[in-house]
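Below you'll find the structure, written out as structure tokens, and then a few comments.
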Amino acid sequence: MTTKISIFTLFLITALALAVAQEPAAPNTAPAVTPPSAQSAPAPAPAKQPDRAVAYYHFQLGHMYEEQAGLSGRMEFATRAIDEYHKALEADPQSAFLNSALAELYARTGRIKDAVQEAQESIQRDPGNLDARRLLGRIYLRSLGDIQSGDPHSQELLRLAIEQYEQIVKLDPSSLEDHLLLGRLYITSKDTLKAEGEFRAAVKLQPSAEDAVTLLAYLYNETGDSTRALAVLEAVPEKDRTAKINSALGYTYEQKKDYKNAIAAYRKAVDADKDNMDSVRGLAENLLNDNQVDAALALYKTVSESDPQDAQSLQRIAEIYRRDGKFDQALDALKNAGRLAPDSLEVPFNTASVYEAMGRYDDAIQVLSDLLKRTEKDEKDGSPSERNNRSIFLEHLGSIYRQQQKTKEAIETFRRMISLGDESGVRAYREIVETYSEVRQWVDVSQTLHEAVEKYPTDRRLQMDVAANDAENGKPDEAIARVKAMLNGSMDNDREVWVTLAQINLRLKRWSDAEEAVARAIGLSPTAEDKELAGYLEGSIYERQKKYDKAEESFRRVITDDPRNAGALNYLGYMLADRGVRLDDALGYIRRAVALEPQNGAYLDSLGWVYYKMGRYDLAEENLRKALESSSDPTILDHMADLYQHTGRLKLAVTHWERALEEWKRSMPADVDPADVAKAQKKLESARTKLAREERTGRE
């Protein structure tokens, strides 16, 4: 149905126009602006006086047509409206208001070029025309959103949009929305300092405004300053915190690794808005971080059921299944995630992790090799994040080769990381050092470390690695002095320095110095994760001194804070098993460690050893064999020799003790307990004597 302009409406417009015509024109109070180039030019001819009555008549008629276009969707009404606005401008050509109205209409009808021209002309006439500037800003924003990422015009459009909104906030500094919009534009242009200024201005206008508060907090989080982010969010009174603010608070606590408070904040966000799946995901993630695995799994399943297209939640479910040793269920979840996100790199990467945990190394290698082929172009042309992804794929592939004792392939793979950026290069060198250390190629370890520090002379981690290596090669005091010189009063820095000093002194058997250093590290550990690392090291120091009660206390604290800390579970279980005490407890701890990392050679050795101590020789042999598939550690060889001797296979026992003694000879002194070597040597000699006697008896 088409609505026509009534006779009454036309009469009303005419009457209003005549009434305006009888009133005197308003004086022009705007200050005159004279361009510098025109200062000496002759005075221009007097401008024709505007006929505001006619202009008003045509404007109102154009406005009517514009409304008709909006109601009916018929372009002929929009065309008539444009014609009427032009007639209005002919009657009052200096009217910035009419220019703005015409520009708005051009924008609504898709005539963007005309809209920009009209808006620019309006701003030229009146630089303080907020409506025209906002229209021009919106047009630039819309155009910016329409073009493809990487388009060469995008930076120019971004610049033009920023230019307009910078003027807008000057003209209207009380506009919260414009400060936020300009801040977002600054973030897009990677000018975080100016973005911070706009978000702070918005917070000052409305201290509890959720968009202002959360944007400023997220900006601080993204720049690594979670402390300031927390201060901004906590400044909002608790009664005024919306679901969005509580969700941002949860995210900020998560950045600080304060998972308990993150969980509490996310719970409040979910309670306030149960349909916000982002908050539910945040709660699930932090429950998982806090080792509340069952609760996290239940929430991720809820999210997945609510949004069957959510591939990310399926991946988190798969991760939980993998950590629980439910590998088939993990693979099923990843298969479903892959169907939803066929271009994902994360899904196949996680699939490779499951294959690795299952011991399906060839399958894991194939998946990672395929990922590296897919990302080959990122080697040189990728963004920093793409290059980092490729680095992670290479690092994971190299570690699998190392588990297979394929040293050459592992080293070659790690070296491919070096060209992918400084952080990747540092990680690569540290992985190469670890690989050479596992096969006891100590000359290669030293050469690699010195090559690394020559390439990255300012990297503290590498400097500490070199010092630790020097300490084991005859320069302990000099090495310790170099590490101590790195203390600078920063909590994170100094904690890492004290941990390194504790490790060096542990290996040097300087027990009191090691205990003092680890105590300093614990004192500088504000998060549970930091405390776990230092607590594990403390337990190791006590155990090496045979202070078993103190060692157990340290490991128990770690396990209480993180029941899934496989290293602490294994160490505590092995410590009990090796002494032959509380074997049932030892078995429980070690089983939990193996369930978390089923292919870990050290954990499999512990499991085999506790079974040996319990007299369950078939299970002992099964697990010790698996351990030797991934390691030639002399302790594992010694354990296997004990098993062979006890089960009457002396030749195999002799062979394994001989290999153990050879491996001990190749080990660093800090890794060798002379008492263990002497005991193995004595057992070997006894076995050889017994074997010779049996062979002689057999010949007789």
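The values are calculated or read from the model by the stated rules, or taken from the named source; none is laboratory data. Since the model is a prediction, treat every value here as computed from it, not as a measurement. We place every Cβ from the backbone using ideal geometry, glycine too, and count neighbours over all the protein chains shown.
Here is how the numbers come out for the structure above:
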| quantity | calculated |
| --- | --- |
| Residues of segment 122-150 satisfying the condition of being outside any helix (DSSP H, G or I), at pLDDT below 80 and either touching a Ser or Thr at 6+ places or on another chain (Cβ under 7 Å) or surrounded by 22 or more Cβ atoms within 10 Å (Cβ to Cβ) (or both) | I147 |
| Among the residues listed as R625, R557, the single one being under 20 Å from G535 (Cα atoms), assigned to a helix (DSSP H, G or I) and of a type in the set (K, R) | R557 |
| Residue satisfying condition, being free of Cβ contacts under 8 Å to residues at least 24 places away in the same chain, in contact with a Leu (Cβ under 9 Å, 6 or more places away or on another chain), more than 21 Å from D642 (Cβ to Cβ) and basic (K, R), within set R556, R592 | R556 |
| Tally, over segment 467-493, of residues that are more than 23 Å from E412 (Cβ to Cβ) and surrounded by 15 or more Cβ atoms within 10 Å (Cβ to Cβ) | 11 |
| Scan of segment 506-518 for residues that are under 15 Å from P476 (Cα atoms) and in a helix (DSSP H, G or I), ordered by number | L506, R507, W511, D513, A514 |
| Subset tally (residues that are assigned to a helix (DSSP H, G or I) and in contact (Cβ under 8 Å) with a residue 40 or more places away in the chain) for segment 465-505 | 0 |
| Subset tally (residues that are polar (S, T, N, Q) and surrounded by fewer than 19 Cβ atoms within 10 Å (Cβ to Cβ)) for segment 265-288 | 1 |
| Candidates A586, A551, A534, A577, filtered to the one that is in a helix (DSSP H, G or I), crowded, with 19+ Cβ neighbours inside 10 Å, in contact with an Asp or Glu (Cβ under 6 Å, 6 or more places away or on another chain) and not acidic (D, E) | A551 |
| Subset of segment 557-573 [surrounded by fewer than 23 Cβ atoms within 10 Å (Cβ to Cβ) and either among the small types (G, A, S) or within 16 Å of Y542 (Cα to Cα) (or both)] | R557, A566, G567 |
| Subset tally (residues that are of a type in the set (D, E, K, R) and under 15 Å from E356 (Cα atoms)) for segment 315-344 | 6 |
| Candidate set: segment 413-429, residues that are surrounded by fewer than 18 Cβ atoms within 10 Å (Cβ to Cβ) and without any contact (Cβ under 8 Å) to a residue 40 or more places away in the chain; chosen: the one nearest to L372 (Cα to Cα) | R415 |
| Residue check, A262 of a type in the set (A, V, I, L, M) and surrounded by fewer than 17 Cβ atoms within 10 Å (Cβ to Cβ) | no |
| Filter result for E662 (out of contact with any Asp or Glu (no Cβ under 6 Å at 6 or more places or on another chain) and closer than 24 Å to E434 by Cα) | yes |
| From A55, A78, A107, A88, residue being surrounded by 17 or more Cβ atoms within 10 Å (Cβ to Cβ), in contact with a helix residue (DSSP H, G or I) (Cβ under 9 Å, 6 or more places away or on another chain), closer than 25 Å to L158 by Cα and modelled with pLDDT under 80 | A107 |
| Residues of segment 223-236 satisfying the condition of being surrounded by fewer than 22 Cβ atoms within 10 Å (Cβ to Cβ), free of Cβ contacts under 8 Å to residues at least 24 places away in the same chain, in a helix (DSSP H, G or I) and not small (G, A, S) | R228, E234 |
| Condition met for T697 (modelled with pLDDT under 95, surrounded by fewer than 18 Cβ atoms within 10 Å (Cβ to Cβ) and not in a loop (DSSP other than H, G, I, E, B)) | yes |
| Selection within segment 390-430 - hydrophobic (A, V, I, L, M, F, W, C) and assigned to a helix (DSSP H, G or I) | I392, F393, L394, L397, I400, A410, I411, F414, I418, L420, V426, A428 |
| Residue that is at pLDDT 95 or above and under 28 Å from N493 (Cα atoms), where the choices are R582, R564, R556 | R556 |
| Of all residues making up segment 224-243, the number that are over 18 Å from H179 (Cβ atoms), of a type outside the set (G, A, S) and touching a helix residue (DSSP H, G or I) at 6+ places or on another chain (Cβ under 6 Å) | 4 |
| Residue check for A330: over 27 Å from E532 (Cα atoms) and among the hydrophobic types (A, V, I, L, M, F, W, C) | yes |
| Residue match in segment 164-184 (condition: surrounded by 16 or more Cβ atoms within 10 Å (Cβ to Cβ), at pLDDT 85 or above and assigned to a loop (DSSP other than H, G, I, E, B)) | yes |
| Lone unmet requirement of (1) touching a Pro at 6+ places or on another chain (Cβ under 8 Å); (2) modelled with pLDDT under 95 for Q403 | (1) |
| So A468, is it in contact with a helix residue (DSSP H, G or I) (Cβ under 7 Å, 6 or more places away or on another chain), of a type in the set (A, V, I, L, M, F, W, C) and over 30 Å from G421 (Cα atoms) | no |
| Hey, Y603 closer than 30 Å to Y321 by Cα, in contact (Cβ under 8 Å) with a residue 24 or more places away in the chain and of a type outside the set (V, I, T) or not | yes |
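Per-residue answers, yes or no, for (1) loosely packed, with under 15 Cβ neighbours inside 10 Å; (2) modelled with pLDDT under 95:
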residue: T192; (1), (2): no, yes
residue: E238; (1), (2): yes, yes
residue: S247; (1), (2): no, no
residue: T252; (1), (2): no, no
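So that you can scan it fast, the table gives a plain yes or no per residue for (1) touching a strand residue (DSSP E or B) at 6+ places or on another chain (Cβ under 8 Å); (2) of a type in the set (V, I, T); (3) at pLDDT 95 or above; (4) under 26 Å from A675 (Cβ atoms):
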residue	(1), (2), (3), (4)
R507	no, no, no, yes
D513	no, no, yes, yes
A519	no, no, yes, no
D549	no, no, yes, yes
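This table checks each residue for (1) at positive phi; (2) among the β-branched types (V, I, T); (3) at pLDDT 95 or above; (4) in a helix (DSSP H, G or I).
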residue: L283; (1), (2), (3), (4): no, no, yes, yes
residue: V303; (1), (2), (3), (4): no, yes, no, yes
residue: Q309; (1), (2), (3), (4): no, no, no, no
residue: A318; (1), (2), (3), (4): no, no, yes, yes
residue: G325; (1), (2), (3), (4): yes, no, no, no
residue: A333; (1), (2), (3), (4): no, no, yes, yes
residue: P348; (1), (2), (3), (4): no, no, yes, yes
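A quick yes/no check of all residues on (1) small (G, A, S); (2) closer than 30 Å to I504 by Cβ; (3) modelled with pLDDT under 95; (4) in contact with a Phe, Trp or Tyr (Cβ under 7 Å, 6 or more places away or on another chain):
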| site | (1), (2), (3), (4) |
| --- | --- |
| Y603 | no, yes, no, no |
| V610 | no, no, no, no |
| R625 | no, no, no, no |
| I636 | no, yes, no, no |
| A641 | yes, no, no, yes |
| A692 | yes, no, yes, no |
